[in-house]
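> Let me give you the structure first, and then I'll get to my questions.
Since every read-out is calculated from the coordinates, none of them should be taken as a lab result. Because the structure is predicted, anything quoted here is derived from the model rather than measured. Reconstructed Cβ throughout: ideal geometry from the backbone, glycine too, with neighbour counts over all protein chains shown.
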Amino acid sequence: MTHARRVNATDTELIQDALAGRQAAYASLVERYQSFAFTLSYRMVKNREEAHEVAQDAFIKAFKHLASFEGKSKFSTWLYKIVYTSALNHLRKNRPDWVSIDDDARPIQLNDPGVEPVSVQLEKNERAQEIRKAIQHLSPEDASVITLFYLYEKKLEEICEIMDLSLSNAKTKLSRARKRLKTIIEDSYSDLQTP
């Protein structure tokens, strides 16, 4: 298998190649999803080093259980469930006593940057930065549901599968997380305007 084919290969092709013993195929899957895995784990554990550990642990678990992936859902959904579970297990073992609000690993892109004037793009980037900071003040579960829905644009059904929720429970959690996020953002703006 050439490198060019691996880059253009579907997840299913890469999984089949990885199961056939081609390590480069699994490396391609890791490369394809490492940014997403890190961001989801970071939203939960709120520490860069720990998030990298959680994401690496999730990829190792995914590799060990790759043969059990049945293809009933997207590979990304299956993987994100492993990342989510790994992050939850990490949090249960050692809860951090501080919160980091730095997150420049994955910028939120709101629109095509080539179409809008620079001033509009800068304003949107500032808003995106404020949203990322606000997400850091949410609980791990709220941060996860917001990240999956808005940043990864996952459907509610996929979120249900990743987080082991019923559809009604996912809708409720998303609604509550939105309200909490809105409150955090409003509070931060009112703090800025108070003399």
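> For a quick check of your reading of the filter: which chymotrypsin sites (Phe, Trp or Tyr not before Pro) in segment 1-92 sit in a DSSP loop and have no more than 12 other Cβ atoms within 10 Å?
none
> Setting aside same-chain residues fewer than 8 positions from residue 46, which lysines have a Cα under 22 Å from its Cα?
61, 81, 93, 133, 154, 173, 179, 182
> When a/c reaches 1.5 or more, the comparison of a/b and b/c decides; with that in mind, is segment 38-82 rounded, prolate or oblate per its Cα gyration tensor?
The shape class here is oblate.
> Would you kindly state how much longer the chain becomes between residue 176 and residue 74 on full extension, computed as 0.36 nm times their sequence separation minus their alpha carbon distance, in nm to one decimal?
Result for the pair: 34.1 nm of gain on full extension.
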